[in-house]
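Right, one structure below, let's go through it.
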Amino acid sequence: MNYISTRGAGAGERHTFSDILLGGLAKDGGLYLPADYPRVSADELARWRTLSYADLAFEILSKFSDDIPAEDLRALTRRTYTAQTYCHVRDDDASGALATQITPLKTLGVENGATLSLLELSNGPTLAFKDMAMQLLGNLFEYTLAKHGETLNILGATSGDTGSAAEYAMRGKQGVRVFMLSPHLKMSAFQTAQMYSLQDPNIFNVAVEGVFDDCQDIVKAVSNDHAFKAQYKIGTVNSINWARVVAQVVYYFKGYFAATQSNDERVSFAVPSGNFGNVCAGHIARMMGLPIEKLVVATNENDVLDEFFRTGIYRVRKAAETYHTSSPSMDISKASNFERFVFDLLGRDPARVLQLFRDVEEKGGFDLAASGDFARVQQFGFVSGRSSHADRVDAIRDVFERYDTMIDTHTADGLKVAREHLQPGIPMVVLETAQPIKFGETIREALLREPERPAAFAGLEALPQRFEILPADVQRVKDFVAAHTGD
């Protein structure tokens, strides 16, 4: 398996999974993708249907990481995906034997001839789907660093859930420090407390005076400063990190198996999306041969992606045009992972991708409808829609009243848009993103009651918090990192 940049630099060079694991952007500012997507045979798909989550993860990841010994990779996936970390366990047969359900599928009902379900992805330590990949990433980082006797300073950006998932995955890990940027006063109280209350000496929280896109731009700027990146051993855990994306591919396969009886069936997935990483994993699963009918991209009021999939125009928003919403993890107006899909959409033409994303930086976007390229979107199965605050409140209330199920605000966005794309006879699986407790204010508005709070998080918001407030300035962030690395 060889990895290439979406912008073409280093063509002819070999980059293994381990080579790109600890970094983020390629040297030319592009994103890494496999030179070719591995295809899954019918026999493999049949065999995988009965595997545990950990063993399915091993099978899929081994197709992308052939430089890691199989016994080491299997040990890593089995150490990551356990009932102790992902707490769903159920009686699986008449004998009462317990089987771990890492990502249980909850069927809501049949609407417009389609079975509507939620794929529960928020049973990890921070109650968000980001744990599914981040816990594995933490173990992969520690394994790789120990193997080479190296250290790593992770610089990340979060609009809410990535930060806490990364910090919980990396806390206490040998050879790793985490510097996490988040928009000051733009996350929910629960999300903020999850991150800022951590007192581990290898965790540093930076509240940036701006919006998420400012945080993300700083991370990219540092990644593109190759001298600084090398001197301070900078890595990333944002969804530009390939290992995170490929780890998310696993639950598309697991969700497909749970929603079907045979591999002749097709399934649609609805994905709440801001940075395009989660739905990009679905695109990769489809390219591998998973029988996916539609990939439904659901946005909130920050509808950059919905606008593209409706019109072919990709138009990023300025900070002043970015809405602060009740689904704040999707308050993103520059989808950094989107470049991977555009690379595939354009027939893997790196020169065109380079020019288009220069246009993003210089002109604020690009238009693929005018060139005719947008017509190929249908071949990849993408559709989209947007949701407002009123829509998500209505969806939370409706699902609770109709199905006795409480969902968070982002999942509500996904469900609202999923209902616009139901097809008779095609199961629709909505990817759940977080547990409702993380967005209590909107739950109280919708249901006039408190969301359930796991016992481990009692009194979280009252804990002491440790963080630094900095302006949205690349040099100030570099100075902070340099001052806290011990170099």
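The values are calculated or read from the model by the stated rules, or taken from the named source; none is laboratory data. Everything quoted here is computed from the prediction, not taken from an experiment. Using ideal geometry, Cβ is built from the backbone for each residue, glycine included, and neighbour counts are taken over all protein chains shown.
Miscellaneous remarks
- Selection status of F179, aromatic (F, W, Y) and assigned to a strand (DSSP E or B): yes
- Within the stretch 364-394, considering residues that are among the small types (G, A, S) and in a helix (DSSP H, G or I), the one nearest to I407 (Cα to Cα): A390
- Screening I60, I102 for residues that are at pLDDT below 95 and in contact with a Phe, Trp or Tyr (Cβ under 8 Å, 6 or more places away or on another chain) leaves exactly one candidate, I102.
- Of all the numbered requirements in (1) exposed (fewer than 15 other Cβ atoms within 10 Å of the Cβ); (2) in a helix (DSSP H, G or I); (3) of a type outside the set (D, E, K, R), A54 misses one, and that requirement is (1).
- Among the residues of the stretch 296-315, those identified as buried (at least 18 other Cβ atoms within 10 Å of the Cβ) and of a type outside the set (D, E, K, R) are V296, V297, A298, T299, N300, N302, V304, L305, F308, F309, G312, Y314.
- Pairing residues of the stretch 171-185 that are in the same structural domain as L470 (by the TED database) with residues that are hydrophobic (A, V, I, L, M, F, W, C) and in a loop (DSSP other than H, G, I, E, B), at Cβ distances under 8 Å and at least 6 apart in sequence or on separate chains, gives R171/L198; V178/V237; P183/V211.
- Residue satisfying condition, being of a type in the set (G, A, S), closer than 30 Å to L295 by Cβ and not in a helix (DSSP H, G or I), within set S239, S223: S239
- Counting only residues that are in contact (Cβ under 8 Å) with a residue 40 or more places away in the chain and either assigned by the TED database to the domain that holds N139 or over 20 Å from the mean Cα position of the chain (by Cα) (or both), the stretch 30-40 holds 3 of them.
- Cross-chain or 6+ apart pairs with Cβ under 7 Å, the stretch 454-483 first and free of Cβ contacts under 8 Å to residues at least 40 places away in the same chain, then surrounded by 14 or more Cβ atoms within 10 Å (Cβ to Cβ) and aliphatic (A, V, I, L, M): R476/L470
- Tally of residues being surrounded by 17 or more Cβ atoms within 10 Å (Cβ to Cβ) and not in a loop (DSSP other than H, G, I, E, B) across the stretch 396-410: 5
- Which listed residue, of A247, A193, A281, is surrounded by fewer than 24 Cβ atoms within 10 Å (Cβ to Cβ) and within 22 Å of D408 (Cβ to Cβ): A193
- Tally, over the stretch 359-395, of residues that are surrounded by fewer than 14 Cβ atoms within 10 Å (Cβ to Cβ) and basic (K, R): 2
- The residue that is nearest to V250 (Cα to Cα), counting only those in the stretch 422-464 that are of a type in the set (D, E, K, R) and buried (at least 24 other Cβ atoms within 10 Å of the Cβ), is E432.
- Elements of the type helices (runs of 4 or more DSSP H) sitting completely within the stretch 249-352 and holding at least 2 residues that are small (G, A, S) and free of Cβ contacts under 8 Å to residues at least 40 places away in the same chain: these cover 277-288.
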